[in-house]
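No lab work stands behind these numbers, since they all come straight from the coordinates. Everything quoted here is computed from the prediction, not taken from an experiment. Cβ placement follows ideal geometry from the backbone for every residue including glycine, while neighbour counts extend to all protein chains displayed.
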Amino acid sequence: MIRAAVALAAALLAGFIAFPIAGLIFHQSPAAFVVALQAPSAQAALRLSLLTTLCSLALTVGLGTPLAYILARRVFPGRALVDALVDLPIVVPPAVAGLALLLAFGRAGTLGPALHALGINLSFTTAAVVLAQTFVASPFFVRAARSGFATVDQTLEAASATLGMGPLRTFALVTIPLAAPALTGGIVLCWARALGEFGATIMFAGNLSGVSQTLPLAVYLDLEGGDVAGATALSVVLIAVSLAVVAGIRSVERR
Amino acid sequence: MSLIIDVRKQLREHVLEVALEVPAGVTVVVGPSGAGKTTLLRLVAGLLRPDAGEIVLDGRTLTGPTTFVAPHLRNVGMVFQEYALFPHLSVAANVAFGLRARRISAPERTLRVASVLERLEIDQLARERTGELSGGQRQRVALARALVIEPETLLLDEPLSALDPQTRGRVRSELQAILRDVSVPTLFVTHDEADRAAFPGRVAVFEDGRVSGTVRT
Amino acid sequence: MRRISFVAALLCLSLLSPLPGKADPSSLTVFAAASLREAFEAAAADFTKKTGIAVKFSFAGSDTLEQQISQGAPADVFASANLTQMKKAADAGLLGSEPQLFARNRLVLIEPKTNPGGVNAVADLAKAGVKVVLAAPTVPVGGYARSAFKKLNGTAGYAADFSDAVERNVVSNELDVKAVASKISLGEGDAGVVYTTDVTPLVATSTRSIAFPPESQPDAEYPIATVKATTNAPGAQAFVTFVLHEGQPYLRARGFLAP
């Protein structure tokens, strides 16, 4: 009796998730799907999403790796605070994140005049999209990397040192490979979050095809404008990518 | 050819004081758990700094009041207690690691690795992952990895304690044979009295955190 | 096959959401254009006092609202900022009554108080480098703005391709008029087009307004109608009637024109 109830509950939830997605995928014919994807605005959104997420990923990994390493290995005053700060963007609603970015880096924001003096204007630019994505998505990587670095056996790093490898080579040849599963998982999650980012992007970077209209924004705008075919096609692309991401994480975890 | 250790370091419950002159060949350092045996080796390797004192190898000051040579520049060969083999590399890659650090060319690395693996009779394991090896095999890989770089001093941290009692005796004899050919100052640190008997010659004993000189058995 | 799974998807969703279809005479859900927020919230307070019916609002771009209603969102009343979206809803058979005009609005150009873009007249929107913030074309105010620009093409003081030049200067297509107002209030963008009713006292503290030439003002007409799928038909009708009569002062007080 209990087993039947458990199975029913499981089936309900699985069905709840599967049905809307299946409905979306089967909503239009493959031919209509291809046609919708060839629209210039769809192409622009795809290209922009690819470009911006790769940039934000590079920024995150580049700056986040040293940060994660320090958080994992060094004890310093204020470490708990930095730890909490790093995790904060995960719980902050995206629109709030967007507003915060605007108030900090916008033209009239705290750093606005300083940036302007340097000739930098972030408002309504693709750079702003990258920053918004980095803000909301980097915690996913830093958390995973921090955890990965913390679990690497430091005796192995000591052995590497005694064998003659300097700190950087030890990091590259021992630490990174051993933390690789965690790092990979973090990269994948971070990228997926950046790809789906909407609220902070539209707040901070605005919405303009080819400049700031990423895939999620394009879906919303298409729908708003009554172009259900376009919205559906782009949604299917996003779902396909998300499925690939999830499959990717699972296979990395299994290793 | 000698290793001079004259250091002091505050440990958790006592002060470690070492005054040793280690000549070429094996010197066994005996002491109970917690005495500071591993710390001693880590100090020589440069993984730790003492509170005071110096460490001089072949006339070159590695650790001193105004000097500290980083561990990767010390040319020491160390065998860790749990062997610290790199799990993501094969046996051959593990053994070649120190040669890679010294930027020895790939062909040359292959030659030297093959030679030392043969000498330690583990050449058939070259392609194996380290995770599937027995305790005795892992010990030999760790030893090969430390020997192939031709270090100026060899540090062995309880090399037999990770083995089960049956294997220990056999491996001890093998170790004796291998170390007979080693001509650099070698510190063999252990808590096992049986090891002391296996390497007659030089023995240093920990007493209340202090180990100094050598005592002939 | 496709329609079946689509419908099945919606059915499953609706099964798992709080049961709609239960008539609740004491509450209403009104979908209204974003520009109506302040006026409608004030009017609704009065309506609730007089009738005892609580009113819940969903304010957004009228195009978004129309989409949501057509996908089955639980609205009782629909108040749009243009006839286009209301007509779409009517054509799709979504309405429960004939749309009636209840207000008109006018466009105004706003800019940050410090005038960072050097915009002093509507004509300046075509100057190179000016950052123009508009609502998306399918949002009523976005459509009105663009038709206003088109009307100015070739008139005195405006080039023949004025509207194209302005479109090239657009840096963002916001989702509703309030987002445009917020951006300009925050100092982002050099100028934006909103309704005069959106220049609330709060917005006025951080912006400057510039009037559109009267002949370019579009007919920004606001229709209201009940939604066919309403679960509170009498209440919905009562609200519509209220907006058309007793609620008018609230609209007028915030700058809306008579229908």
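Structure notes:
- Maximal additional length on extending the A:Ala114-A:Thr155 stretch stands at 10.1 nm, based on 0.36 nm per residue less the C-alpha distance.
- Choice from B:Thr39, B:Thr190, B:Thr66 with maximal GNM fluctuation in chain B (Cα, 10 Å cutoff): B:Thr66
- Calculated log₁₀ intensity ratio I(q)/I(0) where the Debye formula runs over C-alpha points of the stretch A:99-210, q = 0.15, 0.20, 0.21, 0.22 Å⁻¹: -0.75, -0.93, -0.98, -1.04
- Treating each Cα of chain C as an identical point scatterer and summing with the Debye formula, the log10 of I(q)/I(0) at q = 0.07, 0.11, 0.15 Å⁻¹ comes to -0.27, -0.63, -1.03.
- Chain A: relative contact order as a whole-number percent, Cα under 8 Å and 6+ apart: 29 percent
- The eigenvalues of the Cα gyration tensor, multiplied by 5 and square-rooted, give the stretch A:39-254 an equivalent ellipsoid with semi-axes of 35, 22, 14 Å from largest to smallest.
- With 24 Å as the limit on Cα-Cα distance, the pairs of C:Lys127/C:Lys151; C:Lys131/C:Lys178; C:Lys88/C:Lys127; C:Lys150/C:Lys228 that go past it are C:Lys88/C:Lys127; C:Lys150/C:Lys228.
- Rounded to whole Å, the principal axis extents of the Cα atoms in chain B read 44, 41, 30, largest first.
- Percentage relative contact order, the stretch A:65-197, counting C-alpha pairs under 8 Å, at least six apart: 30 percent
- Taken as Cα centroids, the stretch A:48-120 and the stretch B:14-53 sit 46 Å apart, rounded to the nearest whole angstrom.
- Largest first, the extents of the alpha carbon coordinates of the stretch B:75-148 on the three principal axes equal 30, 25, 23 Å.
- Hypothetical label at C:Thr84: residues of the stretch A:212-253 whose amide nitrogen lies under 17 Å (7 Å Cα-Cβ projection): A:221-228
- If you bin all the Cα-Cα distances of the protein assembly as shown at 10 Å, starting from zero, the percentages per bin are 3, 11, 16, 16, 13, 10, 9, 9, 8, 4, 1, 0.
- Equivalent ellipsoid semi-axes, the stretch A:152-217, via Cα gyration tensor eigenvalues times 5, rooted, Å: 42, 12, 8
- Overall size of the stretch B:138-197 from C-alpha positions, given as principal axis extents largest first: 30, 21, 18 Å.
- Chain C: most fluctuating residue of C:Leu186, C:Leu109, C:Leu28 per GNM, C-alpha cutoff 10 Å: C:Leu186
- Fewest-first ranking of B:His72, A:His116, using other Cβ atoms within 10 Å as the exposure measure: A:His116, B:His72
- Taken about its Cα centre, the protein assembly as shown carries a charge dipole of roughly 440 debye when the Cβ of each Lys and Arg holds +1 and the Cβ of each Asp and Glu holds -1.
- Where N is the number of residues in the stretch A:17-128, Cα Rg divided by 2.2 N^0.38 Å: 1.52
- In nm, spacing of pseudo-spin labels at B:Thr67 and A:Val34 (7 Å Cα→C-beta vector): 7.4 nm
- Kirkwood hydrodynamic radius (C-alpha pairs) into Stokes-Einstein, the stretch B:1-82, 37 °C and 0.692 mPa s, D in µm²/s: 250 µm²/s
- Solvent-free Debye calculation, one equal scatterer per alpha-carbon of the stretch A:117-168: log10 I(q)/I(0) at 0.13, 0.17, 0.24, 0.32 Å⁻¹ equals -0.60, -0.70, -0.92, -1.09.
- Average beta carbon contacts from partner chains per residue of A:163-174, 10 Å cutoff: 6
- Gain upon complete extension [C:Gln237, C:Ala258; 0.36 nm per residue less C-alpha separation]: 5.5 nm
- Helical content alone sets the calculated 222 nm signal of chain C at -11500 deg cm²/dmol, taking -39,500 (n - 2.57) per DSSP H segment of four or more residues and averaging over every residue.
- Here the relative contact order of chain B, from alpha carbon pairs under 8 Å that lie six or more residues apart, stands at 32 percent.
- Take the Kirkwood radius over Cα pairs of the stretch B:85-195, plug it into Stokes-Einstein at 20 °C and 1.002 mPa s, and you get 149 µm²/s for translational diffusion.
- Most mobile of B:Arg109, B:Arg180, B:Arg196 in a GNM of chain B (Cα contacts under 10 Å): B:Arg180
- Counting only residues at least eight positions apart within a chain, or on another chain, the lysines with an alpha carbon under 16 Å from that of B:Lys37 are B:Lys9.
- Measuring between their Cα centroids, the stretch C:39-62 and the stretch B:107-141 lie 81 Å from each other.
- Once the Kirkwood radius over Cα pairs is known for the stretch C:107-216, the Stokes-Einstein relation at 4 °C and 1.567 mPa s delivers a diffusion coefficient of 97 µm²/s.
- Förster radius 60 Å - calculated FRET efficiency between B:Ser173 and A:Asp87, Cβ distance, rounded to 0.05: 0.60
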